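The values are calculated or read from the model by the stated rules, or taken from the named source; none is laboratory data. Because the structure is predicted, anything quoted here is derived from the model rather than measured. Glycine gets a Cβ as well: all are built from the backbone with ideal geometry, and neighbour counts include every protein chain shown.
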Amino acid sequence: MFKIDLHSHSTISDGTYTPSELVAYAAGQGVDVMALTDHDDLGGLDEARAAAEQCGMGFVNGVEISVSWNNRTIHVVGLRVDPAHSGLQAGLAAIRAGRMTRAEAMAADLDKAGVAGSLAGALGYARERVISRTHFARFLVAQGHAKDLKSVYRKYLVKGKPGFVAHRWADMADAISWIRGSGGVAVLAHPGRYDIGRPTLHKLFADFKAAGGEAAEVVSGSHTPDQYATFADMVNEYGLRASAGSDYHGPAHNYFDMGRLSPLPAGCVPVWRDWPELPRLADEHACA
Ligand code: AMP
Ligand code: MN
Ligand code: MN
Ligand code: MN
């Protein structure tokens with residue numbers, strides 16, 4: 001079996017490796033096929049693909065789109081998207097503009113809580129066009145407001161705490177249609193991470209499927225092994241395929257490492273099952 005990882009981040013959004021550094025790291029971890037799925041931006045795909053081709057590693061164009069569904073933030077991963085598709089590009093540009101407006105409001109709220117200079121500080125950590133809570137979190141740690149990234153999200157940037165701003169992201173149906181319009185497949189990201197009860201989770205799967213979603217992450221760096229089984233059952237119940245991804249953001253983050261994902265549980269259909277480029281790409285792998 002080849003090692004596949006269909007969820008990861010670079011400096012194009014909130015990861016700490018550049019796209020080519022990330023590909024080199026993944027190769028070193030024995031990954032045969034990977035997708036780069038930066039938040040709301042396609043800007044790293046060309047560089048990552050070139051780096052992957054250089055060492056014969058399989059590469060899949062990806063993106064992780066921020067979506068609002070029933071007043072909750074949900075993430076939808078697009079795989080095999082076309083980065084040249086204008087509808088997808090326009091949708092993501094609008095989300096990034098919204099991120100900037102939100103960042104200004106977050107900084108104003110942090111100001112009120114006595115944390116000055118956070119907009120400039122966070123922008124200093126954002127290397128490209130995406131400004132996210134992660135960049136604010138790095139600033140807050142550097143300024144001594146929290147001891148590490150994990151503890152930032154106990155004191156700041158989450159509902160009820162300084163720096164949290166409710167935000168309206170793209171509609172789920174729009175995000176799915178941009179992905180599909182560009183030739184990609186829409187994958188519900190880390191369904192185990194949304195802190196919603198079972199009935200709401202079922203409603204999410206049903207709505208996602210009805211809107212044209214085709215897969216959900218079953219094995220994820222954000223899931224416990226127990227949840228692999230839960231979501232293997234759920235994808236089958238809703239007629240979805242199964243995906244697998246670490247959600248790696250770089251060594252400084254307490255995320256799952258690359259190259260260590262469990263195989264998909266038996267009985268679910270891999271999202272990559274009839275991708276014509278697989279397993280040829282995996283066979284060609286020569287990086288590690
Ligand atoms: P945003 O899309 O700007 O709301 O930022 C969300 C990003 O912040 C996620 O993609 C994670 O990388 C990071 N993040 C959010 N919550 C946590 C958490 N509790 N622990 C670690 N990272 C988090
Ligand atoms: Mn992130
Ligand atoms: Mn996510
Ligand atoms: Mn992610």
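Do any helices (runs of 4 or more DSSP H) entirely within the stretch 191-286 hold 1 or more residues that are within 16 Å of ligand 4 (Cβ to nearest atom) and at pLDDT below 95, and if so, which?
Fully inside the stretch 191-286 and qualifying: nothing.
Would you check which residues across the stretch 226-267 are over 16 Å from the mean Cα position of the chain (by Cα), closer than 19 Å to residue 78 by Cα and not hydrophobic (A, V, I, L, M, F, W, C) and list them?
238, 239, 241
Scan the stretch 130-147 for residues that are part of a loop (DSSP other than H, G, I, E, B), within 10 Å of ligand 2 (Cβ to nearest atom) and polar (S, T, N, Q) and jot them down.
Within the stretch 130-147, just 132 meets the criteria.
Can you tell me which of (1) crowded, with 16+ Cβ neighbours inside 10 Å; (2) more than 21 Å from residue 163 (Cβ to Cβ) is the one residue 93 doesn't meet?
The one condition residue 93 does not meet is (1).
Kindly establish whether residue 161 is of a type in the set (Lys, Arg), under 30 Å from residue 120 (Cβ atoms) and either more than 16 Å from ligand 3 (Cβ to nearest atom) or surrounded by fewer than 16 Cβ atoms within 10 Å (Cβ to Cβ) (or both).
It is true that residue 161 is of a type in the set (Lys, Arg), under 30 Å from residue 120 (Cβ atoms) and either more than 16 Å from ligand 3 (Cβ to nearest atom) or surrounded by fewer than 16 Cβ atoms within 10 Å (Cβ to Cβ) (or both).
Spot the failing condition for residue 56; the list is (1) out of contact with any Gly (no Cβ under 8 Å at 6 or more places or on another chain); (2) within 16 Å of ligand 4 (Cβ to nearest atom), and only one is missed.
(2)
Which ones in the stretch 45-65 are farther than 23 Å from residue 216 by Cα and under 16 Å from the mean Cα position of the chain (by Cα)?
Passing the criteria: only 48.
Is there any pair with a first residue in the stretch 150-166 that is free of Cβ contacts under 8 Å to residues at least 12 places away in the same chain and closer than 17 Å to residue 103 by Cβ and a second that is more than 10 Å from ligand 1 (Cβ to nearest atom) and assigned to a helix (DSSP H, G or I) whose Cβ atoms are under 9 Å apart and which are 6 or more apart or on different chains, and what are they?
Listed pairs, sorted by first residue: 161/155.
Specify which of the listed residues (97, 122, 137) is out of contact with any strand residue (DSSP E or B) (no Cβ under 9 Å at 6 or more places or on another chain), without any contact (Cβ under 8 Å) to a residue 60 or more places away in the chain and within 16 Å of ligand 4 (Cβ to nearest atom).
Being out of contact with any strand residue (DSSP E or B) (no Cβ under 9 Å at 6 or more places or on another chain), without any contact (Cβ under 8 Å) to a residue 60 or more places away in the chain and within 16 Å of ligand 4 (Cβ to nearest atom) holds for just one of 97, 122, 137, which is 137.
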